[in-house]
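Inspection log for the structure reproduced underneath, given as structure tokens.
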Amino acid sequence: MSDIDLVRDILDTQVLDRAKRPLGKVDGIGLELRDGAPPRVAYLEIEGPTAWARLGARCGRWAAKLASRWQREGHPYRFGWSQVLDLDVDIEIDADAEHSPPFDFERWLRERFVGRLPGGR
């Protein structure tokens, strides 16, 4: 693979599961620091509060507090570079979107609101 500019090529890129369903966008990048070697990408992160934190710590705390209403275990959702199946316009990873933490908000909406609407089930 050729060189990748992490900020330009990875940050804010759409992430798809193995069935090409959208999971969200890359909000954060975790690096592994190694003695005498360049840093290595340890994981990519999908998490609304992470994206908000890029605007400042106060925004990040506010978003985390709001998201705590629907989030379950597994937040922030981090996936290792080894899970990346394809890197093109989108990033395809070896995961199932429907059962992943980024879908917590959709499940929460479905359970609390959409399921109560006529025809919502």
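A short reminder: the numbers here are calculations on the coordinates, not readings from a lab. A quick note: this is a predicted structure, and the numbers were derived from the prediction, not measured. Note: ideal-geometry Cβ built from the backbone for every residue, glycine included; neighbour counts use all protein chains shown.
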Take each of the peptides 79-86, 19-26, average the number of other beta-carbon atoms within 10 Å over its residues, and list them starting from the highest. 19-26, 79-86
How far apart, in nanometres, would the label points at residue 58 and residue 81 be if each is projected 7 angstrom from Cα along the Cα-to-Cβ direction? 3.6
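So if we plug the beta-carbon distance of residue 94 and residue 35 into 1/(1 + (r/R0)^6) with R0 = 41 Å, what FRET efficiency do we get, rounded to 0.05? Can you show the working numbers first?
On the way: r = 30 Å, r/R0 = 0.73.
Taking R0 as 41 Å, the efficiency between residue 94 and residue 35 is 0.85.
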Mean Cα-pair separation over length for the chain, i.e. relative contact order, pairs under 8 Å, 6 or more apart, %: 24
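Is segment 6-116 rounded, prolate or oblate when judged by the Cα gyration tensor, a ≥ b ≥ c being the square roots of its eigenvalues, rounded requiring a/c under 1.5 and prolate requiring a/b larger than b/c?
Working: a/c = 2.22, a/b = 1.37, b/c = 1.63.
Note, shape of segment 6-116 comes out oblate.
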Between residue 77 and residues 5 or more places away or on another chain, which pairs have amide H atoms under 5 Å apart, with H built 1.01 Å from N, and which residues are they? 46
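If each residue of separation counts as 0.36 nm, what is the full-extension length gain between residue 105 and residue 66 once their alpha-carbon separation is subtracted?
On the way: separation 39, 0.36 × 39 = 14.04 nm, distance 1.11 nm.
Length gained, residue 105 through residue 66: 12.9 nm.
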Within the set 36, 28, 60, GNM on the chain using Cα springs under 10 Å gives the largest fluctuation to 36
